[in-house]
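Participant: Structure in structure tokens, see below.
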Amino acid sequence: MNILATGDFHLRTTTPENRTDTSFFETQLDKVEQILQIAIKNNCKYVLQPGDFTDGPRPSFELIEKYVSLFKKYDVGNTIKILHVFGQHDMYYRSKERTATKLFNFLEYLKEINGLYEIAKDIHLYGASWGDEIPKIEDTDAFNILLIHKTVANKPLWNGHNDFLQSDKLFKNNPYDIIINGDYHLSTSYEYKNQIIYNCGCIVRKTIAEASHTPHVLLITINDEDLTYTLKKVELIYKASDEVFKPEALSREVNVKNAKLQEFISNIKNNEISNSLNFRKNLETMMESLEEPVKQILLKELEIINE
């Protein structure tokens, strides 16, 4: 059996600050169509999407209309099933209700995985959305896959980073054969004996912090007889960074500063703090240790993001 794993989609209609696409919206639409084509080419009935399907809980009707048309074209929900969990960007103040991702579930273009889902008799998928506890494996003799929206790392990925799952503890406490995670936008993988944790990263690069990232999906092939598996990285068609990002943002001197700045902002927005009603207060607390010029730059960038 072949299964296709992806990363965060972050579907949106607006163009991020440093992208130069004529239409970032169409660029994303093309990437999603590529994923569906790869699934068909490799006889994948199931596509695993680890959360943050949309960039915000209530995007425009234009976005919903376009993706409904695309999913109809590829018979998504029947020929191809997109199995997913909710990321924090999919939720409206921690609620899944009255969101675009919930609507796509209602229309049966998406299928939320909450607990156990039998892909086949001996191939089981478990899901945990952002903020949910990881479910316990019910049948240890089956081939077990976990789909989660949570950053997994073996150490903090930036100064002050503590909102992540420690890879070695995740392996020890959750003996899944494969764990597919999202949330972090750069691809990561960790292995322990016959287990693997894999994050494809974002399917489209939004910020220059992701400029070096290679958009791709992961083809999982499971032998139905002995339940052994192989993994194959399949790159999406994408343009070089200097073709889609502003030149000044990619310059050596500016790139280092902006990349760290954009990553900091992205981490704040992806963190639970961004869903707090006291976001501004919490942000100011986090910024207390920063120098004043840096604080002003951050506040300016956040104003741009909130527009």
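The values are calculated or read from the model by the stated rules, or taken from the named source; none is laboratory data. Remember, predicted model here, so these are calculated numbers, not experimental data. Here the Cβ is made from the backbone with ideal geometry for all residues, glycine too, and neighbour counts use every protein chain on show. In case anyone asks, the SASA skips ligands and DNA or RNA and just uses the protein heavy atoms, side chains included. Shrake-Rupley method; radii C 1.70, N 1.55, O 1.52, S 1.80 Å.
Participant: Modelled with pLDDT of 90 or more and surrounded by fewer than 17 Cβ atoms within 10 Å (Cβ to Cβ): which single residue out of 199, 223 fits that description?
Facilitator: After applying the criteria, what remains is 223.
Participant: Identify the residue in the stretch 20-49 that is among the charged types (D, E, K, R) and modelled with pLDDT of 95 or more and, among all such residues, is nearest to residue 126 (Cα to Cα).
Facilitator: Residue satisfying both the conditions and the ranking: 45.
Participant: Moving on to the next point. For the structure I just gave you, tell me whether residue 211 is over 18 Å from residue 50 (Cβ atoms), open to solvent by less than 10 Å² (accessible area, probe 1.4 Å) and in contact (Cβ under 8 Å) with a residue 12 or more places away in the chain.
Facilitator: It is false that residue 211 is over 18 Å from residue 50 (Cβ atoms), open to solvent by less than 10 Å² (accessible area, probe 1.4 Å) and in contact (Cβ under 8 Å) with a residue 12 or more places away in the chain.
Participant: Which strands (runs of 3 or more DSSP E) does the stretch 93-167 wholly contain that include 2 or more residues that are farther than 28 Å from residue 61 by Cα?
Facilitator: Result: 115-120, 123-128, 143-148.
Participant: Taking the stretch 76-100 on its own, how many of its residues are acidic (Asp, Glu) and under 23 Å from residue 46 (Cβ atoms)?
Facilitator: Total satisfying the criteria: 1.
Participant: Can you find a residue in the stretch 102-122 that is closer than 28 Å to residue 42 by Cβ, open to solvent by 70 Å² or more (accessible area, probe 1.4 Å) and in contact with a Gly (Cβ under 7 Å, 6 or more places away or on another chain)?
Facilitator: Checked against the condition, which is being closer than 28 Å to residue 42 by Cβ, open to solvent by 70 Å² or more (accessible area, probe 1.4 Å) and in contact with a Gly (Cβ under 7 Å, 6 or more places away or on another chain), the stretch 102-122 yields at least one hit.
Participant: Would you check which residues across the stretch 73-93 are farther than 25 Å from residue 220 by Cα and surrounded by fewer than 14 Cβ atoms within 10 Å (Cβ to Cβ) and list them?
Facilitator: 93
Participant: For the stretch 34-46, how many residues meet the condition of being open to solvent by 40 Å² or more (accessible area, probe 1.4 Å) and part of a helix (DSSP H, G or I)?
Facilitator: 3
Participant: Could you give every pair whose Cβ atoms fall below 7 Å, whose first residue belongs to the stretch 230-242 and is open to solvent by 80 Å² or more (accessible area, probe 1.4 Å), and whose second residue is outside any loop (DSSP other than H, G, I, E, B) and among the polar types (S, T, N, Q), counting only separations of at least 6 or pairs across chains?
Facilitator: Qualifying pairs under 7 Å: 230/221; 237/34.
Participant: Scan the stretch 35-52 and tell me whether some residue there is touching a residue at least 60 places away in the same chain (Cβ under 8 Å) and among the β-branched types (Val, Ile, Thr).
Facilitator: Scanning the stretch 35-52, I find at least one residue that is touching a residue at least 60 places away in the same chain (Cβ under 8 Å) and among the β-branched types (Val, Ile, Thr), so the answer is yes.
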